[in-house]
Amino acid sequence: MAGLEGESPSPNSTLEEKLLFLQGNMVSFISQYSMPIIEVSLVVSKYLKIISDSLEKNAAEHGEEISQFLNRPSTNTISEQEKAISEFPINSLIERTDKDRMDIFDTILRTSINRTELPFVNALALLRDWEKMIRTQLSSASSPGHLFSPLDIPEGF
């Protein structure tokens, strides 16, 4: 499968190995295909919602609460420019995304999480880091075209 790096850790592997596998697959695919910010954002947002909803449901069933750190996006990354993005013709922009590339990225995330049996809490924490990076880059978009710039992944991320 495109994007999956090396042999996946087994469910008995260390948490660190599982997280590195997920992170490595995400970085590799996004870099290899120069995936635009808008596409990465849409897929990561989907998984943030799926995982946080699942954790909330499970916590409610057991009378527990999810940490605010995990359950909410980092508010310090929201800026006036990011709020201005809401004025962009978002439906028109979404129609211009590469659905096949997004489906492959979606499959890479799902497969990496499921195959290694990565705990949702840890997957959610990793995706929150991605969300912060994505929001920071979205906040610098001054026109709809900037949303189609490749996501810039900092060295060592």
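Bear in mind that the values in this text are calculations on the coordinates, not laboratory data. Computed from a predicted model, the values in this text were never measured in an experiment. Positions of Cβ are backbone-derived with ideal geometry, glycine not excepted, and every protein chain shown enters the neighbour counts.
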Additional length obtainable on full extension of the chain from residue 132 to residue 49, 0.36 nm per residue less Cα span
28.4 nm
Given labels modelled 7 Å from the Cα in the Cβ direction, how far is it in nm from residue 66 to residue 155?
3.6
Extension gain residue 100-residue 34, at 0.36 nm per residue separation less the Cα-Cα distance, in nm?
22.4 nm
With 0.36 nm assigned to each residue of separation and the Cα-Cα distance removed, residue 56 to residue 20 gains 10.5 nm
